[in-house]
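Asks: Please find one structure pasted underneath; my questions will follow.
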Amino acid sequence: MKKASKIATKKKSAVKGSKAKVKTKSKTTHSTVIEGLKKQYLKAKHMCKVTFRLPKDAAPEAETVTLVGDFNDWSQQETPMQKLKSGDFKLTLNLECDREYRFKYLIDSSRWENDWCADKYAPNDHGSDDSVVIV
């Protein structure tokens, strides 16, 4: 039982979040992966590459998903996400560091969904919560 428990703990911590140092063409970056959000901090610039991922389970019948938030003035057309073969939707944005950004996913131009793995949630003026990513 102890061995199975240790394996489960390792798997859980690997899924929940991990940090890694990544070496790329003469730049060292730091990456943080928290299930749906992947953050890659660039040392040379005060920027963070954030990869947003909406899993198929969150929108199994979705044809389109758009990422909408503070970073695009809540435009419902500006940042469409790419649908992957797995059925997940994915998009990477460069965001300025030392900020918090509110966001939501707009599914098929009609349904709003929060990120299940957001850094936190904040109440909005519409009576629900927004997802928040902190970079």
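Asks: Within the stretch 108-125, can one find any residue that is part of a strand (DSSP E or B), over 24 Å from residue 47 (Cβ atoms) and in contact with a Lys or Arg (Cβ under 6 Å, 6 or more places away or on another chain)?
Replies: yes
Asks: Count, please, the residues in the stretch 100-133 that happen to be over 21 Å from residue 82 (Cα atoms) and exposed (fewer than 15 other Cβ atoms within 10 Å of the Cβ).
Replies: Of the residues in the stretch 100-133, 10 are over 21 Å from residue 82 (Cα atoms) and exposed (fewer than 15 other Cβ atoms within 10 Å of the Cβ).
Asks: Quick check, is residue 93 assigned to a strand (DSSP E or B), closer than 16 Å to residue 115 by Cβ, free of Cβ contacts under 8 Å to residues at least 60 places away in the same chain and touching a helix residue (DSSP H, G or I) at 6+ places or on another chain (Cβ under 7 Å)?
Replies: Working: assigned to a strand (DSSP E or B): yes; closer than 16 Å to residue 115 by Cβ: yes; free of Cβ contacts under 8 Å to residues at least 60 places away in the same chain: yes; touching a helix residue (DSSP H, G or I) at 6+ places or on another chain (Cβ under 7 Å): yes.
Judged against the criteria, residue 93 is a match.
Asks: Among the residues of the stretch 44-56, which ones are out of contact with any Lys or Arg (no Cβ under 9 Å at 6 or more places or on another chain), within 18 Å of residue 84 (Cβ to Cβ) and either crowded, with 19+ Cβ neighbours inside 10 Å or in contact (Cβ under 8 Å) with a residue 40 or more places away in the chain (or both)?
Replies: As a first pass, look at the stretch 44-56 and keep what is out of contact with any Lys or Arg (no Cβ under 9 Å at 6 or more places or on another chain): 45-47, 55-56.
Filter once more, so that each one left must be within 18 Å of residue 84 (Cβ to Cβ): 55-56.
Of everything in the stretch 44-56, just one residue is out of contact with any Lys or Arg (no Cβ under 9 Å at 6 or more places or on another chain), within 18 Å of residue 84 (Cβ to Cβ) and either crowded, with 19+ Cβ neighbours inside 10 Å or in contact (Cβ under 8 Å) with a residue 40 or more places away in the chain (or both), namely 55.
Asks: Mind counting the residues in the stretch 80-90 that are of a type outside the set (D, E, K, R) and assigned to a strand (DSSP E or B)? Full working, then the answer.
Replies: Here is the first cut: in the stretch 80-90, the ones of a type outside the set (D, E, K, R) are 80-82, 84, 86-87, 89.
When the remaining residues are screened for being assigned to a strand (DSSP E or B), the result is 80, 82, 89.
Final tally of qualifying residues: 3.
Asks: Further question on the same structure: Inside the stretch 57-74, can you point out the residues that are surrounded by 13 or more Cβ atoms within 10 Å (Cβ to Cβ) and at pLDDT 95 or above? Step through it out loud before you land on a result.
Replies: Residues of the stretch 57-74 that are surrounded by 13 or more Cβ atoms within 10 Å (Cβ to Cβ), as a first pass: 58-59, 62, 64-72, 74.
62, 64, 65, 66, 67, 68, 69, 70, 71, 72, 74, listed by residue number.
Asks: So which of 63, 96, 113 is at negative phi, acidic (Asp, Glu) and in contact with an Asp or Glu (Cβ under 8 Å, 6 or more places away or on another chain)?
Replies: That would be 63, the only listed residue that is at negative phi, acidic (Asp, Glu) and in contact with an Asp or Glu (Cβ under 8 Å, 6 or more places away or on another chain).
The values are calculated or read from the model by the stated rules, or taken from the named source; none is laboratory data. All figures in this text were calculated on a predicted structure; none of them were measured in a lab. A quick note on method: Cβ atoms are made from the backbone with ideal geometry, for glycine too, and the neighbour counts reach across all protein chains shown.
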